[in-house]
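Heads up: the structure comes next, in structure tokens.
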Amino acid sequence: MNRPYLLIAGDNLYPSAGDGDWIKCYESVAEAREKINYIDYLTFFNSGKMRGQLKSNKICYTINDSKDPNREYDWYEIVDLRVWTR
């Protein structure tokens, strides 16, 4: 198997049926991770003792090799297909 690492990602809490979340296969985990962009939407606390300090409001990912590189995903996973096919 030349490209045994499958990158899957989705924007729902659970994976979709079939292969809808599959992005692409890669030669290494490192190669797959290079395609993932981490986005942390930051906002400020508006009240309380933390007022004015930054807080993380939403964490999401974009993936360079997806059909729509601007699409935001809630989760991703890199799967070793050699383990799946045992």
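Return the residue satisfying two criteria in turn: it lies in the stretch 1-55 and is touching a residue at least 60 places away in the same chain (Cβ under 8 Å) and within 18 Å of VAL83 (Cβ to Cβ), and of such residues it is surrounded by the fewest Cβ atoms within 10 Å (Cβ to Cβ). First the steps, then the outcome.
Applying the first criterion (touching a residue at least 60 places away in the same chain (Cβ under 8 Å)) to the stretch 1-55 yields 1, 4-13.
After this cut, where a residue has to be within 18 Å of VAL83 (Cβ to Cβ) as well, the list is 1, 4-8.
On the way: MET1: 10, PRO4: 17, TYR5: 20, LEU6: 19, LEU7: 23, ILE8: 18.
Among them, the one singled out is MET1.
The rows are residues; the columns are (1) among the basic types (Lys, Arg); (2) in a loop (DSSP other than H, G, I, E, B).
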site: ARG3; (1), (2): yes, yes
site: LEU7; (1), (2): no, no
site: TYR14; (1), (2): no, yes
site: GLY20; (1), (2): no, yes
site: ILE23; (1), (2): no, no
site: ALA30; (1), (2): no, no
site: ARG33; (1), (2): yes, no
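None of the figures in this text is laboratory data; all of them are computed from the coordinates on show. Here the structure is a predicted model, which is why all the values come from computation and not from measurement. Because the Cβ atoms are built from the backbone with ideal geometry, glycine has one as well, and the counts that use them run over all protein chains shown.
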